Amino acid sequence: MAQSADLIRKLHSSGRQFVMAMTGGGSGAISQWLSVPGGSRSLLEAIVPYSEAALKQWLQKSPEQHCSRDTALMMATVAWYRATQLGAATSFAIGLACTAALASDRPKRGAHRCWIATQSSTQTRVYALELTKGARSRAKEEDVVADLMLMAAMESAGHSSARLPELLGDEAIESRVITAPELIRSVWERELSCCWSLPDGSLIESLPAPPSIV
C-alpha cells in the first residue's frame, strides 16, 4: 500500500487532471486514488455507468459489447472531453476508462478480463488483461484491475510505474500506445477546428479549392 501511495502522490503533483469512468469493475481505483491526500488536484470526477442504460447515456450510443477494446476507448474519449468541460486545460486533461467482466454471483461463460484505456490530446493508450478464471475471488480480481488502472494513469501522465499488478504465471498485460499526428493533436487542443483525411490516409489542414469553371 505504501508503494501505491507514493505513485498516487506523483499523480497528484503531475499537473494532469483526470476523469475516470468504469463499468463492470475497477471501482477500487477510486478508493485507492482518494485514500492519499491531495486527490482534488488530479481527479476531477469518477463515474461508474454500471447498467446498460447508464453506459448508453455516458457514451450517447449503445456499445456493441460492454467489455471490449472499442468500448474502453470510447469511454476514455468521453472522459477526456468531460475533463475539459470541468476546467482542465486540453493538454493536461486525461480520460481514464475501464470495462471489465469479472467474477460474479453466477458463473460466466466467457473469460474474466478487462480493457483499460487512457486518452489525452496527444496519446491513446489501451491495455488488455485476461485473468485466470476461478483463480481469485471477485475482491482479488478487483484489486488487480484497480492496480492496472493506476499503472495506466501513471504512464499516461508521463511516469513509469514501478508497481505492476500481481499476475499469475499464465497472465500477461497487452498494451499499445498510439501517438496522434500533429494535425490531430491540433484539433484535440483546439488550435484547429478540423482537419481532413484523404483517401490515401494522409491528413491535411484544409481541402483545396475546387477548380474554377470557365
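The values are calculated or read from the model by the stated rules, or taken from the named source; none is laboratory data. What you see is a predicted model; the values in this text were computed from it and never measured. Virtual Cβ from ideal backbone geometry, glycine too; neighbours counted across all protein chains shown. SASA here: full protein model, heavy atoms, side chains in, ligands and nucleic acids out. Shrake-Rupley method; radii C 1.70, N 1.55, O 1.52, S 1.80 Å.
Annotations
- Residues located in region 27-45, provided they are small (Gly, Ala, Ser) and either open to solvent by 40 Å² or more (accessible area, probe 1.4 Å) or in contact with a Leu (Cβ under 8 Å, 6 or more places away or on another chain) (or both): SER27, ALA29, SER31, SER35, SER40, SER42
Matching residues to (1) surrounded by fewer than 16 Cβ atoms within 10 Å (Cβ to Cβ); (2) in a strand (DSSP E or B); (3) β-branched (Val, Ile, Thr):
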site: LEU73; (1), (2), (3): no, no, no
site: ALA79; (1), (2), (3): no, no, no
site: GLY87; (1), (2), (3): yes, no, no
site: SER91; (1), (2), (3): yes, no, no
site: LEU96; (1), (2), (3): no, yes, no
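- For the condition over 22 Å from VAL177 (Cα atoms) and more than 10 Å from the chain's Cα centre (by Cα), ALA83 does not qualify.
- Among the residues of region 1-30, those identified as in contact with a helix residue (DSSP H, G or I) (Cβ under 8 Å, 6 or more places away or on another chain) and of a type outside the set (A, V, I, L, M) are SER4, LYS10, HIS12, SER13, ARG16, GLN17, PHE18, THR23, GLY25, GLY26, SER27, GLY28.
- Of the residues LEU150, LEU164, the single one that is at pLDDT 90 or above and out of contact with any strand residue (DSSP E or B) (no Cβ under 6 Å at 6 or more places or on another chain) is LEU150.
- Cross-chain or 6+ apart pairs with Cβ under 7 Å, region 104-123 first and modelled with pLDDT of 85 or more, then among the aromatic types (Phe, Trp, Tyr): ILE116/TYR127; GLN119/TRP80; SER120/TRP80; SER121/TRP188
- Any pair with Cβ under 6 angstrom, 6 or more apart, that starts in region 44-57 at a residue that is at pLDDT 95 or above and ends at one that is in a helix (DSSP H, G or I) and surrounded by fewer than 19 Cβ atoms within 10 Å (Cβ to Cβ): ALA46/ILE30
- When we screen GLY15, GLY26 for residues that are out of contact with any strand residue (DSSP E or B) (no Cβ under 7 Å at 6 or more places or on another chain), outside any helix (DSSP H, G or I) and either among the small types (Gly, Ala, Ser) or within 28 Å of GLU130 (Cβ to Cβ) (or both), the only hit is GLY15.
- Checking each residue of region 105-128 against the condition of being open to solvent by 60 Å² or more (accessible area, probe 1.4 Å) and assigned to a helix (DSSP H, G or I) gives no match.
- Given (1) touching a strand residue (DSSP E or B) at 6+ places or on another chain (Cβ under 6 Å); (2) at pLDDT 95 or above; (3) closer than 30 Å to ARG136 by Cβ, number of the condition VAL78 does not satisfy: (1)
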